[in-house]
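Trainee: This is the structure I have questions about; it appears just below.
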Ligand code: PMP
């Protein structure tokens with residue numbers, strides 16, 4: 001029998017699974033199928049490793065859901081939470097009140113964020129962050145006397161969360177299908193996914209063409225009707241898709257030309273993932289707003305935020321009442337953990353190490369390990385995030401018709417080999433904790449390559 005975390009009665013895995021199936025509905029899951037198969041029960045974690053209720057030690061190539069940037073088991077974060085809970089577990093920030101943790105966090109964020117980001121609005125998640133962004137964008141244009149600027153343009157196969165607004169902003173058709181209606185004034189353009197959609201174009205031609213779809217959409221709607229463009233610097237859930245290098249500079253040029261706010265969804269990219277503090281710095285553009293979550297607290301407790309450039313904040317501040325907020329906006333315990341987490345990322349040189357050491361090492365090791373695989377068409381990524389493109393034919397950038405089955409097949413091999421690697425269709429995704437060291441990277445890369453090899457063999461390709 002496995003003792004689960006010490007806090008709960010020891011139970012057999014089968015018993016956990018039966019109880020889970022009886023009462024727990026999982027996100028983004030087919031519960032009928034899952035209840036039949038039984039979930040894997042994760043009981044504890046340390047560093048970059050997880051343990052399940054059968055005692056298996058699993059290397060977490062996804063940092064949870066792209067969030068546990070400082071790794072598992074940081075007792076200093078736990079102690080901060082404990083002390084903050086005793087001192088002030090909760091107070092709201094609605095009615096002319098504030099508190100030290102949220103004040104200190106805002107000050108600290110303004111220090112680590114790029115020049116000009118000096119104001120922060122808090123929420124509990126990335127989805128709420130993007131809902132908040134939408135509200136701010138509308139309030140901004142109303143306050144500027146241009147209330148007709150209402151359209152927000154986003155991308156197909158982008159992911160911005162699962163609230164109604166987040167899901168509408170996202171470009172996942174399978175989510176739209178299950179909603180009663182989409183939020184109005186949100187429209188989508190195509191994604192900059194060259195491998196799948198680039199055809200005969202070069203990367204440069206394609207990057208420019210996909211960015212210019214934004215201009216075409218603005219002209220179609222009328223620039224006086226368009227409020228903002230929102231995008232992930234690299235698409236995360238969509239498959240760790242890195243756009244061609246000329247994509248973001250062109251998007252930025254177009255936003256400036258037509259006076260459109262540029263909103264970066266930094267929920268995955270923020271707090272060091274690419275080796276920069278924020279992913280837009282890696283791609284060389286400057287947004288007007290940033291959505292933050294995940295790495296803000298390294299997932300130890302939920303927290304999201306929206307960061308505003310000075311010119312946006314000034315308008316919002318001068319605009320009178322802003323009718324938006326959440327009970328837990330700026331939650332003291334979440335804020336205390338965010339402060340401690342950001343200080344770890346900064347003062348332990350964690351992000352700096354991703355940029356100068358572990359990031360380049362990981363990227364090179366992964367590319368070398370997969371170079372000869374007949375199943376791998378290419379690797380995208382920077383720092384400690386990567387998307388591995390599986391292909392039916394390397395020479396022609398061939399795609400599998402059953403792409404989702406191929407990705408799931410590979411993911412299941414990973415599961416069996418105690419590696420967490422996620423699949424989005426025929427792309428395999430890696431995004432380990434930022435504290436991963438070189439020998440753990442060796443293990444991660446070796447296991448990933450082995451599981452891709454097993455997949456290739458199963459498909460008769462090796
Ligand atoms: N934006 C992006 C880019 C994300 O990756 C996610 C979550 N994966 C979200 C928003 C939504 O965040 P949450 O699940 O915390 O609501």
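Trainee: Please work out the FRET efficiency for the pair residue 224 and residue 98, using the Cβ-Cβ distance as r and a Förster radius of 51 Å; give the result to the nearest 0.05.
Mentor: The computed FRET efficiency comes out at 0.85.
Trainee: Once both labels are modelled 7 Å past Cα along the beta-carbon direction, what's the residue 258-residue 462 spacing in nm?
Mentor: With each label point 7 Å from Cα toward Cβ, the separation is 4.6 nm.
Trainee: Rank-order 380-387, 253-260 by packing density, defined as the average count of other C-beta atoms within 10 Å over each peptide's residues, highest first.
Mentor: Those peptides, ordered most packed to least, come out 380-387, 253-260.
Trainee: Same structure, new question: With an 8 Å cut-off on Cα pairs and a minimum separation of 6 or more residues, tell me the relative contact order of the chain in percent.
Mentor: Relative contact order for the chain comes out at 19 percent.
Trainee: Multiply the residue gap between residue 394 and residue 417 by 0.36 nm, knock off their C-alpha separation, and tell me the result in nm, one decimal place.
Mentor: 5.7 nm
Trainee: Rank these for me by crowding, 247, 300, going from fewest to most other beta carbons within 10 Å.
Mentor: By the 10 Å Cβ count, ascending: 300, 247.
Trainee: So, in Å, what gap is there between the alpha-carbon centers of the stretch 347-399 and the stretch 153-171?
Mentor: 26
Trainee: Ranked by Cβ crowding within 10 angstrom, fewest neighbours first, how are 225, 355, 294, 416 ordered?
Mentor: Arranged by neighbour count, lowest to highest, 225, 355, 294, 416 become 416, 225, 355, 294.
Trainee: For residue 317 and residue 76, what is the calculated FRET efficiency with R₀ set at 30 Å and r taken between the beta-carbons, to the nearest 0.05?
Mentor: The calculated FRET efficiency here is 0.30.
Trainee: Next question, about the same structure. Counting only C-alpha contacts under 8 Å and six or more residues apart, can you give the relative contact order of the stretch 76-347 as a whole percent?
Mentor: RCO, the stretch 76-347: 29 percent.
Trainee: Based only on other Cβ atoms within 10 Å, what is the fewest-to-most ordering of 42, 406?
Mentor: 42, 406
Trainee: At R0 = 22 Å, how high is the FRET efficiency between residue 22 and residue 404 if r is their beta carbon distance? Nearest 0.05 is fine.
Mentor: Calculated value: 0.15.
Trainee: Moving to a separate point now. Separation of the stretch 261-276 and the stretch 299-319 by C-alpha centroid, Å?
Mentor: Using only Cα atoms to place each centre, the spacing works out to 14 Å.
Trainee: Can you give the extra length, in nm with one decimal, that the chain gains between residue 327 and residue 33 once fully stretched, where that is 0.36 nm per residue apart less the Cα-Cα distance?
Mentor: Computed gain between residue 327 and residue 33 is 102.3 nm.
Trainee: In deg cm²/dmol, rounded to 500, what helix-only [θ] at 222 nm does the chain give when every DSSP H run of at least 4 residues adds -39500 (n - 2.57) and the total is split over its residues?
Mentor: Helix contribution divided over all residues of the chain: -12500 deg cm²/dmol.
Computed from the coordinates by the stated procedures, all read-outs in this text should not be read as laboratory data. Model, not experiment: these values are computed from the prediction. Don't worry about glycine lacking a Cβ; one is built from the backbone with ideal geometry, like all the others, and counts go over all protein chains shown.
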